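What follows is a set of notes on a single structure, which appears directly below.
The values are calculated or read from the model by the stated rules, or taken from the named source; none is laboratory data. Treat the numbers as computed from the prediction; the structure is a model and nothing was measured. Please note: Cβ atoms are built from the backbone with ideal geometry, for glycine as well, and neighbour counts cover all protein chains shown.
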Amino acid sequence: MNTYDVIIVGAGVAGLMTAQKLSQIGLRIAVIEKKPTLASGPSTRNEGWLHRGTYHACSIASKDSAYQVARRCIYGHKQLRNFCPEAIEDLDKRPLALLRDGDRIDEVKDRWDDAGVSFRQISRKKARKLIPDANFDRAAGIFLSKDVSINTRLLYRKLVGTARAHGCEFFVAHDVVRVNGMELLIMDQDGVSSTISADRIIYASGAGTRSLYEKLHGKDIPMRYWKSHLVVTRRLAPMGVFYLDPHEAAMMHHGDVSVIGFNEDAVQCESPSYDVVPDRAENLRNGIRRIFPEWRDEAAIDIACVKVDLLESDDNARSLNVAIREPVPGHIVALPGKLTETPYLTDALVGLIHKTVSDPLISERPCDLYTSAA
Ligand SMILES: Cc1cc2nc3c(=O)[nH]c(=O)nc-3n(C[C@H](O)[C@H](O)[C@H](O)COP(=O)(O)OP(=O)(O)OC[C@H]3O[C@@H](n4cnc5c(N)ncnc54)[C@H](O)[C@@H]3O)c2cc1C
């Protein structure tokens, strides 16, 4: 039986980054992914928008939560740019953030200042020069932001390559069949099974976490699924353009292609499916036409994807927050909230794992030895 320090179940951005960081601190790591390719879910079916707090600092009603998310995004943004500068696209172009609600301009600027978000307000005339095809008549405020597009495939390649170079093993197209304490029975697509074990198991399996945890541990994780849509079309502008207001379009670009989402599009669904809801997709297309009135693209494709959250309390509000939970000792659930927040999540996970999988070669600090008299 192969034994590891940590087994990670799920190879989206959260699983891959955790694997990279834990293998880099010298731990023996295995990653189990049920699909034949890595990161085939939301980790690649997204806008590839490496946030820098611009959107979240002013779109979340509670100031405290807005600043917390914005700061985590700034943290993640910096870390990913340092780790994989090759994956950052259109570095020399600053995306435009548009604000329709003129009454909010001062409040939004204050929030950005408080959260440490960089911005520069520009005139409509200047915006029209930057993107002549766009209609800026509805934007009461226009700002240059420091958000960027990221090539997620390149990022994941580097995460996998670095993790492998540090000894991480990947079991792709493998199902987790059964758990026995800290042992997992896993099976490949030909029905060949093996048992592996670890000191800790991390479930970074996104929307698959609830059913997996239920199957293995008989415990319900109060997880919800929120469907939102994207349009993939020919590239529409030299730089990203996104509204800050709800029910408006937000677009980032990847080479010749634009990927466009719709603010506050999320609709709760019973199970995590990628079926497109036609009227939702049409709302998004109308949002694109409000910025680019001439936009016609017969070849454009609508896609749907699912975000997950944990229902934390009776408060039914959607919370796409970073979450680390350990409902069964040693079996840790990890959700990043956003791709951009994954560095924050994974740093917290490394701290947690390091405490439990100690290295006897390195001296303990006095504070590690301290135990409270109580
Ligand atoms: C439409 C949309 C647009 C978004 N746009 C952005 C954006 O532009 N910027 C941003 O920062 N964030 C964005 N997000 C959020 C971001 O994409 C997600 O938060 C992030 O990708 C989640 O990563 P994850 O690793 O937790 O989950 P996932 O990407 O879902 O990865 C989970 C992995 O676990 C595997 N798995 C599941 N069950 C099992 C099992 N039983 N056994 C083994 N493996 C299993 C899956 O196959 C998958 O590979 C967007 C999300 C959506 C839905």
- [ ] List the number of the failed condition for ARG72; all other conditions in (1) within 12 Å of the ligand (Cβ to nearest atom); (2) outside any loop (DSSP other than H, G, I, E, B); (3) of a type outside the set (Phe, Trp, Tyr); (4) closer than 27 Å to ASP256 by Cα hold.
- [x] (4)
- [ ] For VAL232, work out the one condition from (1) within 14 Å of the ligand (Cβ to nearest atom); (2) not assigned by TED's automatic domain parsing to the domain that holds ILE131 it doesn't fulfil.
- [x] (2)
TODO: Select from the stretch 220-248 the residues that are without any contact (Cβ under 8 Å) to a residue 40 or more places away in the chain and basic (Lys, Arg) and list them in ascending order.
DONE: ARG235
TODO: Taking LEU38 as meeting all but one of (1) within 7 Å of the ligand (Cβ to nearest atom); (2) within 30 Å of ARG111 (Cβ to Cβ); (3) surrounded by fewer than 24 Cβ atoms within 10 Å (Cβ to Cβ), write down the number of the exception.
DONE: (2)
Open item on the list: If I ask for residues that are among the hydrophobic types (A, V, I, L, M, F, W, C), closer than 19 Å to LEU80 by Cα and more than 9 Å from the ligand (Cβ to nearest atom), which ones from the stretch 1-35 would you list?
Closed with: ALA19, LEU22, ILE25
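Hey, among LEU345, LEU361, which residue is closer than 30 Å to VAL241 by Cα and in the same structural domain as GLU183 (by TED's automatic domain parsing)? Reasoning before the result, please.
Working: LEU361 fails: closer than 30 Å to VAL241 by Cα.
Only one candidate passes the filter, namely LEU345.
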Task: Every pair of residues 6+ apart whose Cβ atoms lie under 8 Å, when the first sits in the stretch 337-348 and is acidic (Asp, Glu) while the second is within 10 Å of the ligand (Cβ to nearest atom) - done: GLU341/CYS73; GLU341/GLY76; GLU341/VAL322
Task: Residues of the stretch 38-69 satisfying the condition of being modelled with pLDDT of 95 or more, assigned to a loop (DSSP other than H, G, I, E, B) and hydroxyl-bearing (Ser, Thr, Tyr) - done: SER40, SER43, THR44, THR54, TYR55
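From ARG178, ARG138, ARG128, which residue is over 22 Å from the mean Cα position of the chain (by Cα), surrounded by fewer than 18 Cβ atoms within 10 Å (Cβ to Cβ), part of a loop (DSSP other than H, G, I, E, B) and among the basic types (Lys, Arg)?
Numbers: ARG178 fails: part of a loop (DSSP other than H, G, I, E, B); ARG128 fails: part of a loop (DSSP other than H, G, I, E, B).
Criteria check complete, one pass: ARG138.
Residues checked against (1) in a loop (DSSP other than H, G, I, E, B); (2) surrounded by fewer than 22 Cβ atoms within 10 Å (Cβ to Cβ); (3) at pLDDT below 95:
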| position | (1), (2), (3) |
| --- | --- |
| SER197 | no, yes, no |
| ILE202 | no, no, no |
| GLY208 | no, yes, no |
| TYR213 | no, no, no |
| VAL231 | no, no, no |
| PRO238 | yes, yes, no |
| PHE242 | no, no, no |
Task: Hits in the stretch 339-373 (condition: farther than 30 Å from ARG81 by Cβ and of a type in the set (Gly, Ala, Ser)) - done: SER358, SER363, SER372, ALA373
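Let's see how each residue does on (1) touching a His at 6+ places or on another chain (Cβ under 6 Å); (2) outside any strand (DSSP E or B):
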{"site": "ASP245", "(1), (2)": "no, yes"}
{"site": "ALA250", "(1), (2)": "no, no"}
{"site": "SER258", "(1), (2)": "no, no"}
{"site": "SER273", "(1), (2)": "no, yes"}
{"site": "ARG280", "(1), (2)": "yes, yes"}
{"site": "ILE303", "(1), (2)": "no, no"}
